[in-house]
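Written below as structure tokens is the structure these notes are about.
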Amino acid sequence: MSQHVDLILTAATVHTLQEEVDEATPVTAIAIADGSIVAVGSSVDAAAWGDARTERIDFPGATITPGLIDAHSHAISGATHTARGVDLFGLLTLDGIVDRLREYAATIPEDEWVLGWGLDPNAFAGATPTGEIVSRAIGDRPGLVRMFDGHSALVTPAALAAAGIDGPVEFPTRSEVVCDSDGVPTGLLLEAEAEFAVLGAAPAFDAAAAAAAAHRVLAGMAASGLTSTYMLDFQMDSIEVLERMEQLAPLPLRLRASPVFSSGLDFEAELQRVLDLQGTGGERWIIDGVKLVLDGTVDNGTAWLHEPDTHGESTDSLWLDITEYRRAVHALAERGIATATHAIGDAAILEAVTVISEIPAEQRALARHRIEHIETMPAGTMEKMIAAEIVASMQPTHSTLYVWGDHTDNWSERLGHERAAVNGWRMRELYDSGITVALGSDWPIAPYDPRTIIADAQLRRPHDRPELLKVLPQQALTARMALEGYTTSAAFAVGWDDRTGRIAEGLDADFTVWAADPLTTPAEDLADTAILATFIAGTRV
């Protein structure tokens, strides 16, 4: 090889995720120069690569795969806004929630807001959540606890008073400060505008604290094997956070961020805002694409279903004027801007499929358009999605951590049998149809560790709970399908398949090094498989 080689990696196994390569001669070595892959081959081939200046790293017994990509997360906004305070993940009793909040409140000054996140509505056993549970724990202090879905929160009277809220509030979307029959807030907030209306009264992180919190999250993601994450939102203060982080050290993984196109605002001004952000970025992050949110979640009754849920809720889009959604998607597609539409309910999914299908083929060729979550979808809509070749972005642990195999959980109970047990989480069906299925965590909605998500996608239950029933076992993925969801499919989902997601000459040298082979390790053991290293552009991070 005449070209100078900076680094040569060797391992027992290298999964290039190029079938024609892996099935021909097993790959065990990779050569890197200037951040790109310049050769793949065997250890015998590698002996002839490089010169005295070339660094060589051997990982005996290990497996190298393309760098893992989380196709849907909220890494920065989660660290600086959502995942603040005490983590309530996994608590399924009200007493446990009260105890955790009370213990946390005792560790912070009396004049600070008590914040929490990750609260599972299954703890309320079918009852409508109210802020009373938070008040029971912390008394008359201001407090705000986000439900796990990120689309609802519980607040205390003191928090509402600090925000100047004592009754219903009008918002440009169907966000709501839930009130009783007398117009008194119950402490339940539905959707982002209502949450921010209250949380805006709480002290914000200063820039240094926000940057430190974000770095902890990104470092943890890198340690779990991730080399990239696609952030499906972007707060304007995130730019300051990222720039401050970059001043201290390179980011530990690549970030692609898509701002949200907000409904209910001046359309032209909002369009120009998201267009102006395109291409903004730094060494390892970039703003690219736009997210649109059609509905909320099944869990809190704000999804958009063809028929109401069993509580009589989830009947509308969050957009007060749904024609504006079509107008926005088409305006972005005309400019070659990729879109990602949050659509959970069957009516929302059908609307997204219909609108994306209307984009002329020559425009669809300019940028990928994807649908996020896809939690309950009839067969007819799935067929239309397949025909339009729309990318599916899905999160396996949403259905293994918060949905139960016997369908007595909150999500299933709200939907009823047909929409939950027949139309739910059609991940394997979409994959088998040829649709690109990109996988992710949606952190902080669920934990970000890709090893647990890849395991759950195969097991259809929490990897560490063998006693539990499988959730929709017919939607299980194979090990290779799940790994592709975190590599080739995730890269394709945002149009980066020409630079990452595989191990091939000319692509970015982004790798994840596993202590054991993720394609042959039993799924139950995968979560405990050590990540020995991650590389971004040939640099070990």
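The values are calculated or read from the model by the stated rules, or taken from the named source; none is laboratory data. Computed from a predicted model, the values in this text were never measured in an experiment. All Cβ positions, glycine included, derive from the backbone under ideal geometry; neighbour counts span all protein chains shown.
Looking at the stretch 292-304, can you tell me whether even one residue there is surrounded by fewer than 21 Cβ atoms within 10 Å (Cβ to Cβ) and out of contact with any Ser or Thr (no Cβ under 6 Å at 6 or more places or on another chain)? No, the stretch 292-304 contains no residue that is surrounded by fewer than 21 Cβ atoms within 10 Å (Cβ to Cβ) and out of contact with any Ser or Thr (no Cβ under 6 Å at 6 or more places or on another chain).
Taking every residue in the stretch 178-206 that is at pLDDT 95 or above and pairing it with any residue that is part of a helix (DSSP H, G or I) and not acidic (Asp, Glu), at least 6 positions away or on another chain, the pairs with Cβ-Cβ distances below 6 Å are PRO185/LEU160; VAL198/ALA159.
For the stretch 126-146, state whether one or more residues are assigned to a helix (DSSP H, G or I), in contact (Cβ under 8 Å) with a residue 40 or more places away in the chain and β-branched (Val, Ile, Thr). So far as the stretch 126-146 goes, yes, one or more of its residues are assigned to a helix (DSSP H, G or I), in contact (Cβ under 8 Å) with a residue 40 or more places away in the chain and β-branched (Val, Ile, Thr). Just a yes or no: is a residue in the stretch 26-42 among the hydroxyl-bearing types (Ser, Thr, Tyr), at negative phi and part of a loop (DSSP other than H, G, I, E, B)? Within the stretch 26-42, one or more residues are among the hydroxyl-bearing types (Ser, Thr, Tyr), at negative phi and part of a loop (DSSP other than H, G, I, E, B). Here is the figure for the stretch 333-348: residues that are outside any helix (DSSP H, G or I), among the small types (Gly, Ala, Ser) and in contact (Cβ under 8 Å) with a residue 40 or more places away in the chain total 4. Within the stretch 148-177, the set of residues being outside any loop (DSSP other than H, G, I, E, B), of a type outside the set (A, V, I, L, M, F, W, C) and free of Cβ contacts under 8 Å to residues at least 40 places away in the same chain comprises PRO157, GLU176. Here the condition is being closer than 23 Å to THR500 by Cα and of a type in the set (Ser, Thr, Tyr); of THR297, THR315, THR339, THR302, it holds for THR339 alone. When GLU351, GLU372, GLU389, GLU307 are screened for being in contact with a strand residue (DSSP E or B) (Cβ under 6 Å, 6 or more places away or on another chain) and either within 29 Å of ALA194 (Cα to Cα) or part of a loop (DSSP other than H, G, I, E, B) (or both), only GLU372 passes. Screening the candidates ARG426, ARG414 for the property of being in contact with an Asp or Glu (Cβ under 7 Å, 6 or more places away or on another chain), under 23 Å from THR315 (Cβ atoms) and in contact (Cβ under 8 Å) with a residue 12 or more places away in the chain yields one hit, ARG414.
Only one of (1) touching a His at 6+ places or on another chain (Cβ under 7 Å); (2) in the same structural domain as ARG428 (by TED's automatic domain parsing) is not met by ALA523, so which one is it? Condition not satisfied by ALA523: (2). Does SER441 fit the bill of being crowded, with 20+ Cβ neighbours inside 10 Å and in contact (Cβ under 8 Å) with a residue 12 or more places away in the chain? Yes. When the test is whether a residue is in a helix (DSSP H, G or I), buried (at least 19 other Cβ atoms within 10 Å of the Cβ), of a type outside the set (Asp, Glu) and within 17 Å of the chain's Cα centre (by Cα), LEU218 passes it. Mind checking whether some residue in the stretch 82-96 is surrounded by fewer than 22 Cβ atoms within 10 Å (Cβ to Cβ), among the polar types (S, T, N, Q) and either under 30 Å from the mean Cα position of the chain (by Cα) or at pLDDT below 95 (or both)? Yes: the stretch 82-96 contains one or more residues that are surrounded by fewer than 22 Cβ atoms within 10 Å (Cβ to Cβ), among the polar types (S, T, N, Q) and either under 30 Å from the mean Cα position of the chain (by Cα) or at pLDDT below 95 (or both). For the stretch 102-125, enumerate the residues that are in contact (Cβ under 8 Å) with a residue 60 or more places away in the chain, on the phi < 0 side of the Ramachandran plot and part of a strand (DSSP E or B). Matches in the stretch 102-125: LEU115, TRP117. Checked against the criterion of being charged (D, E, K, R) and at pLDDT below 95, the candidates GLU375, GLU429, GLU389, GLU413 yield just one match: GLU389. Being of a type in the set (Val, Ile, Thr), under 30 Å from ALA392 (Cβ atoms) and in contact (Cβ under 8 Å) with a residue 24 or more places away in the chain is a property that holds for ILE64.
If you go through the stretch 225-238, how many residues are more than 15 Å from the chain's Cα centre (by Cα), touching a residue at least 12 places away in the same chain (Cβ under 8 Å) and in a loop (DSSP other than H, G, I, E, B)? Within the stretch 225-238, residues that are more than 15 Å from the chain's Cα centre (by Cα), touching a residue at least 12 places away in the same chain (Cβ under 8 Å) and in a loop (DSSP other than H, G, I, E, B) number 2.
Yes/no per residue for (1) within 17 Å of ILE69 (Cβ to Cβ); (2) within 21 Å of the chain's Cα centre (by Cα):
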residue	(1), (2)
GLU195	no, yes
ALA210	no, yes
GLU240	no, no
ALA257	yes, yes
ASP288	yes, yes
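Working only within the stretch 250-269, note down all residues that are touching a residue at least 12 places away in the same chain (Cβ under 8 Å) and among the aliphatic types (A, V, I, L, M). Hits for the stretch 250-269 are LEU251, LEU253, LEU255, ALA257, VAL260, LEU265.
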